[in-house]
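A quick write-up on the structure given underneath.
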Amino acid sequence: MTLMIICSKRLVRMLTLGRAVGITLFPFIIIVPELRHDPYVINHERIHLRQQVEMLVLVFYVLYFASLCWNLARLRNFMAAYLIVFFEREAYDNEYDLGYLGRRKAFASLGYAFGKKRAR
């Protein structure tokens, strides 16, 4: 799959309420311009692309939003809730491993959802 990267600080701020440096909205990675060459940020977002493809995009967004809302209701802290969304845990745990996607098993994020992977 060819990466389609959009560099726009304004768009990232608008879509993430100023809380992130990038976001993946299939099939695009939207990132702040100063990090467009950061291999780890790109790898993090590529992991999200793979998750979205596996979950047929719409299912990914439903599960992501449900997980975030559930965590937010329990923790009452946005960043803490965001960091334990199982899709984010997989991406953060593996963003520095640039070979991860080459050996990643299908639906690996579900291991994080069902507690088979370590929590942050």
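The values are calculated or read from the model by the stated rules, or taken from the named source; none is laboratory data. Note that the coordinates shown come from a computational prediction; the quantities given were computed from them, not determined experimentally. Using ideal geometry, Cβ is built from the backbone for each residue, glycine included, and neighbour counts are taken over all protein chains shown.
Of the residues making up region 69-111, those that are farther than 24 Å from D38 by Cβ, free of Cβ contacts under 8 Å to residues at least 40 places away in the same chain and not charged (D, E, K, R) are C69, W70, N71, L72, A73, L75, N77, A80, A81, L110, G111. For region 17-35, a residue qualifies if it is closer than 20 Å to R50 by Cα and either β-branched (V, I, T) or at pLDDT 95 or above (or both), and the qualifying residues are V21, G22, I23, T24, L25, F26, P27, F28, I29, I30, I31. Here is the figure for region 1-27: residues that are surrounded by 13 or more Cβ atoms within 10 Å (Cβ to Cβ), hydroxyl-bearing (S, T, Y) and within 27 Å of G102 (Cα to Cα) total 1. The criterion of at least 2 residues that are within 15 Å of the chain's Cα centre (by Cα) and of a type outside the set (F, W, Y) is met, among helices (runs of 4 or more DSSP H) falling completely within region 63-120, by 78-83, 86-94, 109-113.
Quick check on region 37-47. Is at least one of its residues out of contact with any Cys (no Cβ under 6 Å at 6 or more places or on another chain), outside any helix (DSSP H, G or I) and of a type outside the set (K, R)?
Checking region 37-47: at least one residue is out of contact with any Cys (no Cβ under 6 Å at 6 or more places or on another chain), outside any helix (DSSP H, G or I) and of a type outside the set (K, R).
Checking I47, I6 one by one, the residue that is out of contact with any His (no Cβ under 8 Å at 6 or more places or on another chain), within 14 Å of E95 (Cα to Cα) and without any contact (Cβ under 8 Å) to a residue 60 or more places away in the chain is I47 and no other.
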